[in-house]
Each structure stands twice: as structure tokens, then as C-alpha cells.
Amino acid sequence: MKIFSVIEAEELLPTLKTNLEKIFHLNQTLKAVSADIDSLIDIWGEDVYKHNHVDNGYYTDLASKQQEVMKHLQDEMMKINQLGCFVKDIERGLVDFYYELNDEVVFLCWRYGEDKINHWHALNSGFTGRRPLRDLFAFNRQ
């Protein structure tokens with residue numbers, strides 16, 4: 001587990017922004033491909049899985065693309081995890097960093113689009129439990 005200072009976490013924000021933009025794009029692509037697969041199954045049922053079915057080739061192509069996009073999405077998420085932080089929500093671009101405060105570990109919390117890290121929350125709470133850093137540090141950026 002990597003423990004970050006606020007400054008260390010903020011130094012990663014440009015990299016995280018780039019990774020998250022890729023993740024957003026891949027996630028949208030995955031949703032579109034998955035919706036197309038669902039539509040084929042809704043129309044044809046399990047018959048679409050049969051090799052002699054008229055839309056089996058299309059289904060197979062979509063299923064391959066879905067797997068490829070999922071792999072790329074997982075790779076991008078792994079790049080972020082390897083930095084020592086965690087993507088908590090790929091829809092909103094939420095990323096958490098471990099931070100030690102008075103012998104207690106909490107999360108620094110950043111959301112895509114924010115210029116810097118302005119929030120934190122306890123390990124057992126999420127986005128709804130975010131609180132301003134100023135409450136934690138009284139404006140002392142460590």
C-alpha cells in the first residue's frame with residue numbers, strides 16, 4: 001500500500017487525466033458494443049449463437065470486439081492501480097489515494113475535472129462521504 005502526500009497525489013493528476021480519458025472512451029465503446037450484442041440476442045435469442053445463423057458472424061465479431069475493449073479497459077485501470085491509487089468510479093472518474101492522518105489511513109479523493117485534490121473520506125465511506133481537505137488540514141497543504 002502506497003501512502004501519498006497531497007503533493008505526491010497531485011503530481012499524478014495529469015497522468016490520471018490522460019488515463020481516465022482513455023477509460024471514458026473505452027467504457028462508452030464497451031457500452032455500445034454490449035448494447036448491440038443484447039439487441040441481437042433480444043431479436044434472435046440463442047439461435048444467434050449457432051454457426052449457421054444469419055447473424056452469427058456479426059455476433060462473433062461483436063463478442064470479439066467486446067473482449068478486446070474489456071482487455072484495453074482493464075489495462076488502463078491497471079496502469080492507474082500500479083501508480084498506487086484506485087479508480088473507484090469509471091463513470092465519474094473518481095480516484096482515491098491512501099493518506100495517513102494521525103496514524104489513521106484515509107483516502108484523498110479526486111474527481112476528473114477537478115484542478116487539485118480538495119477532498120478526503122474515510123476508508124469505509126465513498127463519494128457521498130467526501131469532506132473538504134481544509135477541514136482536515138486547516139489549509140495546510142502537506
In segment 41-68, what residues are over 18 Å from the mean Cα position of the chain (by Cα) and closer than 30 Å to residue 92 by Cβ?
41, 42, 62, 63, 64, 65
Those residues that are among the polar types (S, T, N, Q) and touching a residue at least 24 places away in the same chain (Cβ under 8 Å), I need them from segment 62-76; list them, please.
66
Regarding segment 99-109, can at least one residue be identified that is surrounded by fewer than 16 Cβ atoms within 10 Å (Cβ to Cβ) and either within 13 Å of the chain's Cα centre (by Cα) or assigned to a helix (DSSP H, G or I) (or both)?
no
Are there any pairs with C-beta distances below 9 angstrom linking a residue in segment 1-29 that is without any contact (Cβ under 8 Å) to a residue 60 or more places away in the chain and at negative phi to a residue that is acidic (Asp, Glu) and in a helix (DSSP H, G or I), with the two at least 6 apart or on different chains, and if so which?
22/76; 26/76
Checking 121, 53 in turn, the sole residue that is farther than 29 Å from residue 18 by Cβ, of a type outside the set (Lys, Arg), surrounded by 15 or more Cβ atoms within 10 Å (Cβ to Cβ) and out of contact with any His (no Cβ under 6 Å at 6 or more places or on another chain) turns out to be 53
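Only the coordinates and a few stated rules stand behind these numbers; no lab work does. Since the model is a prediction, treat every value here as computed from it, not as a measurement. Methodologically, a virtual Cβ is constructed for each residue, glycine included, from the backbone with ideal geometry; neighbour enumeration extends over all protein chains shown.
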